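Student: Please find one structure pasted underneath; my questions will follow.
Readers should treat all values here as calculations from the given coordinates under stated rules, not as data from a laboratory. Bear in mind that the values here come from a model prediction, so they are computed numbers and not experimental data. Note that each Cβ is placed from the backbone with ideal geometry, even for glycine, and that neighbours are counted across all protein chains shown.
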Amino acid sequence: MKPARFYVVLRYARDYYEFCSVINAHIKMKHLKQEFDKLTLKEVIIYAMAIITMASGISLLFIGLFIPPEGEIHQSVLTAFGLISIFVASLLGISIHYENQLEKFKSNIQERLDSMTQQ
């Protein structure tokens, strides 16, 4: 009798865990949707280019495994992947750098305006 009750409790615990996981996933997806809605068209294009370019670089590496000699990736393929990775990093890095610079500029202007109004 007691082991059967234990399994019932385990089943309810598992169902509760699954329910909480679904709720948490829904909350995270809602948050991601809100963050995605804040992106400008320029940022969406930059992130899409980065994802597509990185996917093509990874696929280039896998294709390089199957081209003769099999199992060995040629040096030119590795060089191309390195260049692709640098391009993607520069896309994302430039975007983040200028976003930070813009925030610093805005805060600097706001501080100057506040100091001028207090005098």
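Student: Restrict the check to segment 66-81 and report whether at least one residue is surrounded by 13 or more Cβ atoms within 10 Å (Cβ to Cβ), in a helix (DSSP H, G or I) and polar (S, T, N, Q).
Tutor: No, segment 66-81 contains no residue that is surrounded by 13 or more Cβ atoms within 10 Å (Cβ to Cβ), in a helix (DSSP H, G or I) and polar (S, T, N, Q).
Student: In this structure, does L113 turn out to be touching a helix residue (DSSP H, G or I) at 6+ places or on another chain (Cβ under 9 Å) and on the phi < 0 side of the Ramachandran plot?
Tutor: Values: touching a helix residue (DSSP H, G or I) at 6+ places or on another chain (Cβ under 9 Å): no; on the phi < 0 side of the Ramachandran plot: yes.
Taking the combined requirement at face value, the residue does not satisfy it.
Student: For segment 39-61, indicate whether the set of residues that are outside any helix (DSSP H, G or I), touching a residue at least 12 places away in the same chain (Cβ under 8 Å) and surrounded by 10 or more Cβ atoms within 10 Å (Cβ to Cβ) is non-empty. Explain how you work it out, then say what you get.
Tutor: Initially, segment 39-61 is screened for residues outside any helix (DSSP H, G or I), giving 39-40.
Add one more test, that the residue is touching a residue at least 12 places away in the same chain (Cβ under 8 Å), and what stays is none.
No, there is no match, as no residue in segment 39-61 is outside any helix (DSSP H, G or I), touching a residue at least 12 places away in the same chain (Cβ under 8 Å) and surrounded by 10 or more Cβ atoms within 10 Å (Cβ to Cβ).
Student: Okay, moving on. Looking at the structure I just gave you, is E99 touching a helix residue (DSSP H, G or I) at 6+ places or on another chain (Cβ under 9 Å) and either among the charged types (D, E, K, R) or not in a helix (DSSP H, G or I) (or both)?
Tutor: On the way: touching a helix residue (DSSP H, G or I) at 6+ places or on another chain (Cβ under 9 Å): yes; either among the charged types (D, E, K, R) or not in a helix (DSSP H, G or I) (or both): yes.
So E99 passes the test.
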